[in-house]
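Asker: Can you read through this structure? Questions will come right after.
Read-outs throughout are calculated quantities, based only on the coordinates presented, and are distinct from any laboratory measurement. Given the structure is predicted, the values throughout are model-derived calculations rather than measurements. Cβ atoms come from the backbone with ideal geometry, glycine included; neighbour counts cover every protein chain shown.
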Amino acid sequence: MTTTVQARGVARSFHSKTSDVTALDGVDLDVDECEVFGVLGPNGAGKTTLIRILSTLLLPTSGHATILGFDVAKEVDKIRPIINMASGAERAGYEFISARGNLWFFSQLYGASKEDFEARVKSLSSRLELEKYIDKKVYELSTGYRQRMTIARAFINDPRVVFMDEPTIALDVMTARKIREFLVGEAKESKRTIFLATHNMAETEAICDRVAIIDRGRILVCETPENLKRIYGRPAHVVEIRPSPPSMSIFTSLPGIKGATSTLDEERGVATVKLVVEDEDAINRVNMALSNAGIRVLSSWRQEPTLEEVFVSLVGRGFAEREHEIAS
Amino acid sequence: MKLRLNLTLWYRTMYSRAWVRVRSTYGEPLWVAVNLAVPLLSSLAMALLYSSTGLSKFAGFAILGGVMLAFWGNVLWSMASQFNWDKEVGIFEIYLISPAPISAVLVGMSLGGILATVPSAALVTIIGWFFFPTPINPSWTVVLLTFVLTLASLYALGMLLSSLYLAYGREAESLNNAIGEAINLLSGLYFPAIGAGSPFPFAVQIVASLIPLTIGMDALRKAVFQTGNVSSVWFDLALLAVMAMVLLFLGDKALKALEERGRRQGTLVVRLK
């Protein structure tokens, strides 16, 4: 198996007049051909910075990274023809031009011939079910079809490595599923590497061969989703409570609690708290603490481990809490 | 073989970017109306001003200024600001991660802009000369040569300004807007900014002479309205050629240097989410 993406000690910091931020801190990675590789972490963890370095848009402060053996810092001319990238947040293209016209334009940035372009656009639009909309102007397309066009654009040059930054963000279930199936097919059938940065855990579990969990610019673990759950995941104890506790420390200060994350249904005033616990005694301690705080348990159940529990086990908090910490 | 591939890539990038610019310009009726109306109305207003003050023989300057304003405003100046728009919406990073040369993207934008501006310039010429017929004495070869050299030097200036967007964001846009107005004034789009008839003191004329549009407008006025032979404008043409070459050289160097600086400092792209 060919290693397509390699990173060794990649670090990146940003300096401004008011602060210094370390976005990446010594990242090591090896990603192979035909692999859908996920980098999973909360917003601000360093995923986009890593993609920008690997796609030649940003230089690392230290460390070394290669794409198919070419140095991302020094051999950009050799890397750019064989990579591409798409983001869920980018504008799909030029609004007053058709999807086909946009795809033709982007193919010309790679010097594609008319025949090559026609063959690529026919194949991509068929696989992404875009044929009916291919001659419509971009402003006439729905969000889902714009994103299908963006994905088609990222494969227009027949790339060996494709970087995807939250490609299904804000998409409906059907479109997201179609895009995920397409990405897996492209990796397995066309021998590409799909490098996916996401904070969507279900997406990561569904399509990634391996996952690197990233937090504060560091890769915490890198394994298959199954191994991550087996090694690091513990069943979660989930409680629905009312009112919402003033702080998560009511849980995290208790012995036997590995981590906690919560979501709040503001309309009902109900908080759903997921606790990664070490043993049954910890559950009793949680119930006791809630009772002492005057918080009512509406329901509780046990949940088999997902990648979210893996993250909570490793970091002690869920994505929402980490994003809140990073933002503040 | 490699050279041929590089040239093919350069040509295809340039052609497709020009195509995008032309299609986008005609995709929105309101933009078409604005592109046609702004240079026409401002040149007609200036021509009326000349006529109403008994200087109707200079009304042709206003018409010529309107034609060049269309090119300057829509073709070359907006090249830099469109670069910024591409950056803001995330398309710019698609250019950067592709093997396409940025110079080809810029030339394509510029050529597309020229093609998209021709109807506006033609409208100003036809309507302007219909209402304010002014005697002209042109040598069309000299006019064409002057026009091409003026556009070439303006393109090179646009390329230099565009390079600023690789390293800066809103600061570059503010600078662009600020010096745009100063150039409109100093270059004398509607009046002679240098030489006899200039309203500016000599020191200001020297500064104005450093702007390619000033030299281009001066040469075009001579070529269209005065003797119409090359001897009257040879110095301006030589100056424009030198300016074009120097600005192209500086623009190319700046694009490469500022892309590298942008990669180092993380200013090539903006965060979209």
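Asker: How far is helix B:2-25 tilted, in degrees, relative to the longest principal axis of the Cα atoms in chain B, given as a value from 0 to 90 rounded to the nearest 10?
Answerer: 60 degrees
Asker: Ok, one more. Using label points projected 7 Å from each Cα along Cα→Cβ, tell me how many nm separate A:Ala206 and A:Lys74, to one decimal.
Answerer: Reported label-point gap for A:Ala206 and A:Lys74 is 4.2 nm.
Asker: Here is a further query. How many nm separate the modelled label positions at B:Phe131 and A:Glu189, each set 7 Å beyond the Cα in the direction of the Cβ?
Answerer: Label-label distance for B:Phe131 and A:Glu189, simple model: 6.2 nm.
Asker: To continue, here is another question. Report the full-extension gain for the segment A:Asp279 to A:Arg242: residue separation times 0.36 nm, less the Cα-Cα distance, to one decimal in nm.
Answerer: Once the chain is fully extended between A:Asp279 and A:Arg242, it gains 10.9 nm.
Asker: Next up: I need the shape label for the protein assembly as shown. Rule: rounded when a/c is under 1.5, else prolate if a/b > b/c, else oblate, with a, b, c from the alpha carbon gyration tensor.
Answerer: Verdict is prolate for the protein assembly as shown.
Asker: Have a look at the DSSP beta bridges in the protein assembly as shown and tell me what percent are antiparallel, nearest 5.
Answerer: 70 percent
Asker: Using Cα-Cα distances under 8 Å and only pairs 6 or more residues apart, what relative contact order does the range A:193-328 have, in percent?
Answerer: 29 percent
Asker: Okay, next question. What shape does the range B:70-143 have by the C-alpha gyration tensor, where a ≥ b ≥ c are the square roots of the eigenvalues, rounded means a/c under 1.5, and otherwise prolate means a/b greater than b/c and oblate the rest?
Answerer: prolate
Asker: Considering chain A as a Gaussian network with a 10 Å cut-off on Cα pairs, which listed residue, A:Asn157, A:Asn287, A:Asn200, attains the greatest mean-square fluctuation?
Answerer: Among A:Asn157, A:Asn287, A:Asn200, the largest mean-square fluctuation in the Gaussian network model of chain A belongs to A:Asn287.
Asker: Where does chain B land on Rg(C-alpha)/(2.2 N^0.38 Å)?
Answerer: That ratio works out to 1.04.
Asker: I've got another one for you. For A:Tyr139 paired with B:Arg261, estimate the spin-label separation in nm (one decimal), with each label point 7 Å from Cα along the Cα-to-Cβ line.
Answerer: 3.6 nm
Asker: For the range B:2-265, calculate the relative contact order in percent as a whole number, restricting contacts to Cα pairs under 8 Å that are 6 or more residues apart.
Answerer: Once normalised by length, the contact order is 25 percent.
Asker: By a straight-distance test (C-alpha under 19 Å), which lysines pair with A:Lys136 as possible cross-link partners, with residues fewer than eight away in the same chain excluded?
Answerer: Result set, ordered by chain and number: A:Lys122.
Asker: Please report the relative contact order for chain A, taking Cα pairs under 8 Å with a sequence separation of at least 6, and give it as a percent rounded to a whole number.
Answerer: In percent, rounded to a whole number, it is 19.
Asker: List the residues of the range A:290-324 whose backbone N lies under 20 Å from a point placed 7 Å from the Cα of A:Thr18 along the Cα-to-Cβ direction.
Answerer: Counting backbone N atoms under 20 Å from the label point, the list is A:323-324.
Asker: With 37 Å as the cut-off, how large is the P(r) tail for chain A, expressed as percent of Cα-Cα pairs?
Answerer: Roughly 26 percent, rounded to a whole number.
Asker: When the Cα atoms of the range A:127-216 are enclosed in a convex hull and the volume is divided per residue, what value in Å³ results?
Answerer: Once divided by residue count, the hull of the range A:127-216 is 111 Å³.
Asker: State whether the range B:142-238 is rounded, prolate or oblate according to the following rule on the C-alpha gyration tensor (a ≥ b ≥ c being the square roots of its eigenvalues): a/c under 1.5 gives rounded; otherwise a/b larger than b/c gives prolate, and the remaining case gives oblate.
Answerer: Judged from the Cα gyration tensor, the range B:142-238 comes out oblate (a/c at least 1.5, b/c at or above a/b).
Asker: Hey, could you grab the Kirkwood Rh for the range A:83-159? Inverse mean 1/r over distinct alpha carbon pairs, Å, one decimal.
Answerer: The Cα-based Kirkwood calculation yields 12.1 Å.
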